[in-house]
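Each remark here refers to the structure printed beneath this line.
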Amino acid sequence: MNYSLDQAIPILKRTPEVLQVFLGGLPEEWVRATDGPGTWSAYDVVGHLIHGERTDWIPRVRHILEKGESEPFPRFDREAMFTASEGKALAELLEQFEWLRAENLVALRAFDLKPSDFARRGLHPELGVVTLGNHLSTWVVHDLGHIRQIAQTMGRQYRDAVGPWTEFFSLFR
């Protein structure tokens, strides 16, 4: 499937709603659970998504459109959420993610991008040359991957509790 705004926007629009329905009002034991040291909880993922809304997706679209390959994107701090989210309730983070995403979708539409724009190139600081289509496709896959990550991490909390059924669940692997 080739990138299409018409196909991407419905996914991007739903991600905050999905997370609100999935995580809103859950006990802390669920939203703060991790797979161990160095792994992220659902709470951490929501903070990471907020940081991406602020510093990655739309800023990099602008960067590609304005600077092309002339200079690399600023580096993205994948773990900035550990400081930025400190002391905030999950409900606050979910609300913040929702309005940031809504603002970014307005901005994305305002670019009035054409299919030919998706071939425009930018320079990633680690990956090298990328296209606008690569970047925008990654935004969608990034959302879906983190939704999967949240479900997987939460499901793994019952790894031992399911007993002999463990072998039937790919999320335990």
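The values are calculated or read from the model by the stated rules, or taken from the named source; none is laboratory data. Note that the structure is a prediction, hence the values are computed from the model and not measured. Note: ideal-geometry Cβ built from the backbone for every residue, glycine included; neighbour counts use all protein chains shown. Accessible surface areas use protein heavy atoms only, side chains included; no ligands, DNA or RNA. Shrake-Rupley method; radii C 1.70, N 1.55, O 1.52, S 1.80 Å.
Restricting attention to segment 1-16, which residues are within 14 Å of the chain's Cα centre (by Cα) and without any contact (Cβ under 8 Å) to a residue 40 or more places away in the chain?
At the first step, the residues of segment 1-16 found to be within 14 Å of the chain's Cα centre (by Cα) are 8-9, 11-16.
Selection gives R14 alone.
Would you pick out the residues in segment 128-142 that are in a helix (DSSP H, G or I), open to solvent by 40 Å² or more (accessible area, probe 1.4 Å) and not hydroxyl-bearing (S, T, Y)?
Within segment 128-142, N134, V141, H142 qualify.
Can you name every residue in segment 52-68 that is surrounded by 14 or more Cβ atoms within 10 Å (Cβ to Cβ), among the charged types (D, E, K, R) and out of contact with any helix residue (DSSP H, G or I) (no Cβ under 7 Å at 6 or more places or on another chain)?
D56
Every residue, every condition in (1) surrounded by 12 or more Cβ atoms within 10 Å (Cβ to Cβ); (2) closer than 18 Å to T34 by Cβ; (3) at pLDDT 95 or above, yes or no:
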{"position": "V106", "(1), (2), (3)": "no, no, yes"}
{"position": "R109", "(1), (2), (3)": "no, no, yes"}
{"position": "E126", "(1), (2), (3)": "no, no, yes"}
{"position": "L144", "(1), (2), (3)": "yes, no, yes"}
{"position": "Q152", "(1), (2), (3)": "yes, yes, yes"}
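Output the qualifying pairs, or none if there are none: Cβ atoms under 8 angstrom, residues six or more apart or on different chains, first residue in segment 133-161 and in contact (Cβ under 8 Å) with a residue 60 or more places away in the chain, second residue part of a loop (DSSP other than H, G, I, E, B) and aromatic (F, W, Y).
Here the result reads G133/Y3; L136/Y3; S137/Y3; Q149/W40; T153/W40, each pair linking segment 133-161 to a residue that is part of a loop (DSSP other than H, G, I, E, B) and aromatic (F, W, Y).
Mind listing whichever residues of segment 67-105 are of a type in the set (F, W, Y) and either part of a helix (DSSP H, G or I) or under 14 Å from the mean Cα position of the chain (by Cα) (or both)?
Those that are of a type in the set (F, W, Y) and either part of a helix (DSSP H, G or I) or under 14 Å from the mean Cα position of the chain (by Cα) (or both): F76, F82, F97, W99.
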